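First the structure, in the form of structure tokens, and then the observations on it.
The values are calculated or read from the model by the stated rules, or taken from the named source; none is laboratory data. In this text the structure is predicted, and so the values were computed from the model without any measurement. Cβ sites come from the backbone with ideal geometry, for glycine too, and all protein chains shown count toward neighbours. Just the protein is used for accessible areas: all its heavy atoms, side chains included, with ligands, DNA and RNA removed. Shrake-Rupley method; radii C 1.70, N 1.55, O 1.52, S 1.80 Å.
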Amino acid sequence: FAAPFRRLSLRVAAAERASETLGRSVEPEMLRDLATARSVATALGLEIAEGVGAGKIATEIFEALCEADLIQPTFVYDFPTEVSPLSKQKADDPDTVERFELYAGGFEVANAFSELNDPAEQRRRFEAQLADRARGDAEAHQMDEDYVRALEYGLPPTGGEGVGIDRLVMLLTNS
């Protein structure tokens, strides 16, 4: 691997690959509109559950079309807020969060983001996740009242990064 590592916006990468696959123009902004994102996903043959938003659909398009081809280290950034319930929103784009993931060998190796420190927004997102869970999304977060209460006391700007040791070993051992 050689630095600097490539950087890709999630929606830009998903739109570019969808355009290539479908043979027609798909713009990143189209993946922010629910009806258009669902139409693109359907044209790609992806099964999208009812009730999911445009952010989840854009992420599913990215995962289906892009993830496996990220062999060289690549930072993917600008994740949709909908799929990042603990991440802080970008100040200039409430549909996008301050988050990136590092991919190598065709899979995610690390995940990092600025922590959301607004208790009202965190409660709203947990409630949205509960609705997703009720619709069958097993990956949706549950309500964490203790965490929300802690945020009400105050959390300074915080960020974190996690590396999957199992994935790092798989990458380093080519297994």
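Within the range 16-36, the set of residues being in a helix (DSSP H, G or I), within 19 Å of Y77 (Cα to Cα) and free of Cβ contacts under 8 Å to residues at least 40 places away in the same chain comprises E16, P28, E29, M30, L31.
Regarding the range 56-77, can at least one residue be identified that is assigned to a loop (DSSP other than H, G, I, E, B), among the small types (G, A, S) and at negative phi? Within the range 56-77 (the criterion being assigned to a loop (DSSP other than H, G, I, E, B), among the small types (G, A, S) and at negative phi), the answer is no, since none of the residues qualifies.
Of all residues in the range 97-111, those satisfying the criterion of being without any contact (Cβ under 8 Å) to a residue 60 or more places away in the chain and outside any loop (DSSP other than H, G, I, E, B) are V97, R99, F100, E101, Y103, E108, A110, N111. Inspect the range 112-122 for any residue being within 14 Å of the chain's Cα centre (by Cα), under 18 Å from T59 (Cβ atoms) and either buried (at least 16 other Cβ atoms within 10 Å of the Cβ) or without any contact (Cβ under 8 Å) to a residue 40 or more places away in the chain (or both) and give the result as yes or no. Within the range 112-122, one or more residues are within 14 Å of the chain's Cα centre (by Cα), under 18 Å from T59 (Cβ atoms) and either buried (at least 16 other Cβ atoms within 10 Å of the Cβ) or without any contact (Cβ under 8 Å) to a residue 40 or more places away in the chain (or both). Look at (1) of a type outside the set (S, T, Y); (2) open to solvent by 40 Å² or more (accessible area, probe 1.4 Å); (3) outside any loop (DSSP other than H, G, I, E, B); (4) over 23 Å from A128 (Cα atoms) and you find that V40 fails only one, number (2). The residues of the range 56-99 that are surrounded by 22 or more Cβ atoms within 10 Å (Cβ to Cβ) and aromatic (F, W, Y), listed by number, are F62, F79.
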